[in-house]
Amino acid sequence: MPPRLISPHGRQLVLDRPHIMGIVNLTPDSFSDGGRHAAPEQGVAHALQLLDDGADLLDLGGESTRPGAAPVSAQEEMDRVLPVLQALRDRTDCFVSIDTSSPEVMTEAIRLGADMINDVRALSRPGALAVAVAHQVPVCLMHARGEPANMQQQADYADVVAEVRNYLRQQAQRCISAGLDAGHLVLDPGFGFAKHLPHNLQLLADLQSLLDLGYPLLVGMSRKRMLGDLTGRPVDQRLVASVTAHLLAAQLGAHILRVHDVAAMRDALKIWQAVMAVQTSQKEAS
Ligand code: HH2
């Protein structure tokens, strides 16, 4: 049976193939598209475009977590995210994740119809886990260290794969012990969060070690510095690198691909899935 995410509002994602999560950054300062969709009507238009391009779900965020980013208040996040969520709920039945660490934002967003919480701080803020338990909402727990302002100074690991794996296992256990259904959990190694290029590459190469924990995996490398380090290209020229990295992650078993460039990712997955379908039918016939 493939993993299945069921939202408190009854919407479902059956993760029987790689799913595309379209990024909707409603921030003035995100690293690759800051300010571009910050006004609510631009955010809604962008979200609808990503659905049209083939996104399976959307991730709305009101806080930039790029290295060095400044913190924002819960009120500011709500002012950025909630009008867009509300407009989307009026117009579509799509699966919507909210990229936040703030329990206040989580509560209001779930009330307005959000289906999932994506927390780069793995529900570590006081009150966040209690909100997830009370609503029994799907949650993505991501590995990071420190805060965006200082995280790159904490990229120091003896064995990055083992340390990220242990952290994610402990956080999943913490959620389950508090009463969150294990079926609501998704894990994410947190590419670029307190990690240098060799750490990111080791985690991608050994995705199986994280899959072995038994939860669906989300990966997010879209336009990130690791791709710039490898290709020498600036952030607005990392489309091919982004698609390639996520296609590789899909091949390695990732369930959800968090990307900015949905249309290109959809094309790549179509090719991959067509070949996979032939392989599966060849196996069944033999
Ligand atoms: N990366 C970013 C933000 N949220 N969530 C998960 N689960 N995994 C990630 O890798 C991840 C994330 C950073 O990317 P982006 O949203 O494009 O930039 P910014 O944080 O500057 O808004």
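The values are calculated or read from the model by the stated rules, or taken from the named source; none is laboratory data. Worth saying up front: this structure is predicted, and the values here are computed from it rather than measured. A quick note on method: Cβ atoms are made from the backbone with ideal geometry, for glycine too, and the neighbour counts reach across all protein chains shown.
Of the residues making up segment 138-179, those that are closer than 21 Å to THR100 by Cβ and either buried (at least 23 other Cβ atoms within 10 Å of the Cβ) or of a type in the set (Val, Ile, Thr) (or both) are PRO138, VAL139, CYS140, LEU141, MET142, HIS143, ALA144, LEU168. Taking the criterion of being surrounded by fewer than 14 Cβ atoms within 10 Å (Cβ to Cβ) and either in contact with a strand residue (DSSP E or B) (Cβ under 8 Å, 6 or more places away or on another chain) or farther than 24 Å from LEU187 by Cβ (or both), the residues of segment 236-252 that qualify are ASP236, GLN237.
Which residues, counting only those in segment 254-286, are of a type in the set (Gly, Ala, Ser), in a helix (DSSP H, G or I) and either at pLDDT below 95 or more than 16 Å from the ligand (Cβ to nearest atom) (or both)? Across segment 254-286, the qualifying residues are ALA263, ALA268, ALA274, ALA277, SER281, ALA285. Condition test on LEU88, is it surrounded by 22 or more Cβ atoms within 10 Å (Cβ to Cβ), more than 16 Å from the ligand (Cβ to nearest atom) and over 16 Å from the mean Cα position of the chain (by Cα)? Yes, satisfied. Select from segment 193-219 the residues that are crowded, with 18+ Cβ neighbours inside 10 Å and in contact with a Gly (Cβ under 8 Å, 6 or more places away or on another chain) and list them in ascending order. Those that are crowded, with 18+ Cβ neighbours inside 10 Å and in contact with a Gly (Cβ under 8 Å, 6 or more places away or on another chain): ALA194, ASN200, LEU207, LEU217.
Scanning segment 79-106 for residues that are more than 20 Å from GLY54 (Cα to Cα) and free of Cβ contacts under 8 Å to residues at least 24 places away in the same chain returns a single hit, ASP79.
Could we say that ASP119 is without any contact (Cβ under 8 Å) to a residue 12 or more places away in the chain, out of contact with any Phe, Trp or Tyr (no Cβ under 8 Å at 6 or more places or on another chain) and acidic (Asp, Glu) here? No; evaluated as a whole, the condition is false for this residue.
Residues in segment 119-160 that are farther than 24 Å from GLY214 by Cα and outside any loop (DSSP other than H, G, I, E, B): MET151, GLN152, GLN153, GLN154.
Rundown of residues vs (1) aromatic (Phe, Trp, Tyr); (2) within 23 Å of ALA69 (Cα to Cα); (3) more than 15 Å from the chain's Cα centre (by Cα); (4) within 14 Å of the ligand (Cβ to nearest atom), yes/no style:
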site	(1), (2), (3), (4)
GLY183	no, no, yes, no
LEU201	no, no, yes, no
ALA205	no, no, yes, no
PRO216	no, no, no, yes
ARG225	no, yes, yes, yes
GLN237	no, yes, yes, no
VAL240	no, no, yes, no
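Scanning segment 16-39 for residues that are small (Gly, Ala, Ser) and at pLDDT below 90 turns up SER30, SER32, GLY34, GLY35, ALA38, ALA39.
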